[in-house]
Amino acid sequence: MTDSTADDLKPNAPTMAKGSALPPEEIDRLTDDIVAALKTVYDPEIPSDIYELGLIYRVDIADDRQITIDMTLTAPGCPVAGEMPGWVENAVGTVPGVAGVTVNMTFDPPWDQSRMSDEARVALDMW
């Protein structure tokens, strides 16, 4: 068997930190709850959430329950570029057990449509 996981096969799956001192069950719960929180954040111009659009590049859950998220936007000139990180921070900050959230905006690599999930493709009629 290879080191590949089901998440490796999803174009929008963020990279999750490995090797935590937190129990695996707690990492799984936090991961599921963080993804659910991310799925509540939408770009107002696009009828799909930021997770399904593939805008989340990395989610790091530290042993002290500080969450670091690397994300991007569909375009650097996005009108909500200044607000979106705050929306993400607020959404993930409501997850039980999260001590704090830092959101880093990056454009490397640039976002492209290949990062979108099938759900986002259906919502945007982009087949």
State to the nearest 20 debye the size of the charge dipole of the range 41-91 about its Cα centre, where the only charges are +1 on K and R beta carbons and -1 on D and E beta carbons.
60 debye
How much solvent-accessible surface does Y42 expose, in Å² to the nearest 10, with a 1.4 Å probe and all protein chains in place?
110 Å²
Please give the length that would be gained between D33 and T68 if that part of the chain were fully extended, namely 0.36 nm times their separation in residues minus their C-alpha to C-alpha distance (nm, one decimal).
11.1 nm
Loop-only check: which GluC sites (Glu not before Pro) in the range 34-127 are DSSP coil with at most 13 other Cβ within 10 angstrom?
E45, E83
Once amide H atoms are placed 1.01 Å from N in the peptide plane, what residues at a sequence separation of 5 or more from T102, or on another chain, have their amide H within under 5 Å of its amide H?
I67, T68, I69
How much accessible surface area, in Å² rounded to 10, belongs to the heavy atoms of D32 with a 1.4 Å probe?
100 Å²
Give the accessible surface of the range 19-127 per residue, rounded to a whole number of Å², with probe radius 1.4 Å and ligands, DNA and RNA excluded.
50 Å²
Amide H proximity to R58 below 5 Å, modelled H, separation 5+ or other chain, gives T15, D70
Near A91, within a Cβ-to-Cβ distance under 12 Å, what is the net charge of the other residues, with Lys and Arg +1 and Asp and Glu -1?
-2
Magnitude of the Cβ-charge dipole of the range 16-113, K/R +1 and D/E -1, about the Cα centre, nearest 20 debye?
80 debye
Amide H of G97: which non-local residues (sequence gap of 5 or more, or other chain) have their own amide H closer than 5 Å, using H built in the peptide plane?
none
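The values are calculated or read from the model by the stated rules, or taken from the named source; none is laboratory data. Remember, it's a predicted structure, so these values are computed and weren't measured experimentally. Positions of Cβ are generated from backbone atoms using ideal geometry, with glycine treated the same way; all protein chains shown enter the neighbour counts. To get the accessible areas, we keep the full protein, side chains included, count just its heavy atoms, and leave off ligands, DNA and RNA. Shrake-Rupley method; radii C 1.70, N 1.55, O 1.52, S 1.80 Å.
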